[in-house]
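Encoded as C-alpha cells, the structure appears first; notes follow it.
Values in this text are rule-based calculations from the coordinates and carry no lab data. All figures in this text were calculated on a predicted structure; none of them were measured in a lab. Backbone-built Cβ (ideal geometry, glycine too); neighbour counts: all protein chains shown.
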Amino acid sequence: MIAVENSNTSIPSNTQLKAPEPEHCPGPESENAGKSDSCNGCANKEICESLPKGPDPDISLITDRLSSIKHKVLILSGKGGVGKSTFTSMLSWALASDLNLEIGAMDLDICGPSLPKMLGCEKESIHSSNSGWSPVYISDNLGMMSIQFMLPDEDSAIIWRGAKKNGLIKQFLKDVNWGKLDYLLIDTPPGTSDEHLSVTTYMKDSGIDGALIITTPQEVALLDVRKEIDFCKKANIKILGIVENMSGFVCPNCGGESKIFKPTTGGGEKLAEELGLKFLGAVPLDPRIGKSCDSGESFLDLHPDSPACDAILDVVDSLRDIVEAND
Ligand code: SF4
C-alpha cells in the first residue's frame, strides 16, 4: 500500500499536534501560528510557536509537476447531492471524446470518492515508479487519480482529520505523473473545507483556470452556492460559470420534460445574472444518467439522442470556449 504523508503543510512530518486545529486556526504552518488570538487557549500553542515558519517548499515542486498541464479546472458545489461528481464524470467523458485532447480527472473527495465508480475503474490500484504515481487510465487519453485506488476494498471508510487529508491532497498534486495534459479536472467535496483551502493554496503558483460551479434549482442549494462563490472570491479563483443540474426531468420513454425541483427564486440562471457570472446551461435529470454512472459507462455514448446529452455537450462547448479563449 502506498504511504500517505501525515502533514498538510510544511510542518515536519514527525510533528504531532496535541489536538485538532480549532475553527479559526490561522494554520500551524502560518507566520501567525501560535501567536494569533485563536491560539490563546489552544492545546497546540507551544508546539505551533516552535514550528519552522516560511513558505512551503513543496509548493514549487507542485508548480513544477503541474507545469505540463495546460488547463486546470476545479469543479465545485455548495451543497452535496447536486450531482457534482456525476457532472465531472460526464465532463471527463465529453472532453476525452475529442481524441486530440489529453484529460486527467482528480478526485479530491477523500471521504466519499465516487468518481472511480462513475468512470468504471473503481477496482484499479495505484502503481508507483521513480517518476511518481501513475494515474489509472480509463482510455488512451483519460486518466484519473482517487483515494479509492488506495483502499483495501471499496467499502472501507476514510476517517481522517484535516492534516492527513491535506497530506494526501499534497501528494496527489506533487507525486502524480500526469505527463502532458490539456485538462486536469479537479472534483472537490461539497462546501468550503480543508480540501478546498489546501488545493487552492498548494496550486497558487500553478495557474488554476477557474472553477465550474454546479447547483440545482432550489433556493436551499443556491444559498450554499453563494458561499462557494464567496470562497472563490476570497481565494482569488476565477469563476468560469454556473451549471444548473437536475433542471427538469426527461422521461426516458416519451422524451417529454417536466419540472421536479421547481426554482423558487429563479434558479442558477437568475443567480448567475444577479452576480454577473456566466450561466453555462441547465442539464435535465434523466434516470439513465444514474444508471450509466452505476455501470461506469459514458451516458453520452449510450444515449446520444437524450436532451440531457445535448445539454451537457452545450455546457462543455461553452466551458471550452471560455477556458481556451487565450490558447
Ligand atoms: S496554536 Fe496552532 S493549532 Fe492552535 S490555533 Fe494556533 S496555529 Fe492553530
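Structural remarks
- Across LYS72/LYS174; LYS79/LYS291; LYS70/LYS204, pairs whose alpha-carbon gap is larger than 18 Å: LYS79/LYS291
- Test item: Cα-centred dipole of the chain, Lys/Arg +1 and Asp/Glu -1 on Cβ, debye: 720
- Cα shape, segment 63-103, gyration tensor, a/c 1.5 rule: oblate
- Net charge of neighbours whose Cβ lies under 11 Å from the Cβ of ASP64, counting Lys and Arg as +1 and Asp and Glu as -1: 0
- Shape of segment 74-232, Cα gyration tensor, a/c cut at 1.5: rounded
- Highest-first packing order for the peptide set 288-299, 101-112, 17-28 is 101-112, 288-299, 17-28, based on the mean count of other beta carbon atoms within 10 Å.
- Applying 1/(1 + (r/R0)^6) with r as the Cβ-Cβ distance of SER50 and GLU23 and R0 = 30 angstrom yields a FRET efficiency of 0.85.
- Candidates PRO252, ILE242, GLY281 compared by Cα position along the dipole of the chain: farthest toward the positive end lies ILE242, with charges placed on Cβ.
- Here the 3J(HN,Hα) profile of segment 73-81, calculated from phi with Karplus coefficients 6.51, -1.76 and 1.60 at θ = phi - 60°, is 10, 8, 10, 10, 9, x, 10, x, x Hz, Gly and Pro shown as x.
- With eigenvalues of the C-alpha gyration tensor scaled by 5 and rooted, segment 186-230, Å: 22, 11, 8
- Each peptide among 124-137, 77-90, 303-316 gets the average number of other Cβ atoms lying within 10 Å of its residues, and from highest to lowest they stand as 77-90, 303-316, 124-137.
- All aspartates and glutamates inside 17 Å of LYS233 as judged from Cα atoms, apart from same-chain residues fewer than 8 positions distant: ASP194, GLU195, ASP205, ASP209, ASP224, GLU273, GLU274
- If you take all other residues with their beta carbon under 12 Å from the beta carbon of GLU29, and give Lys and Arg +1 and Asp and Glu -1, the sum is -2.
- Within segment 68-323, percent of DSSP bridges classed antiparallel, to nearest 5: 20
- Cα-based shape type of segment 21-101, given that a ≥ b ≥ c are square roots of the gyration tensor eigenvalues and the cut on a/c is 1.5: oblate
- In degrees, nearest ten, helix 162-175 long axis to first principal axis of the chain (Cα): 70
- Bridge orientation summary for segment 87-209: considering DSSP beta bridges with both residues in this region, about 40 percent are antiparallel.
- In the chain, the longest principal axis of the Cα atoms and the axis of helix 307-323 are about 50 degrees apart.
- Antiparallel content of DSSP bridges confined to segment 181-327, in %, to 5: 15
- Against the chain, whose longest principal axis is taken from its Cα atoms, helix 84-96 shows a tilt of about 70°.
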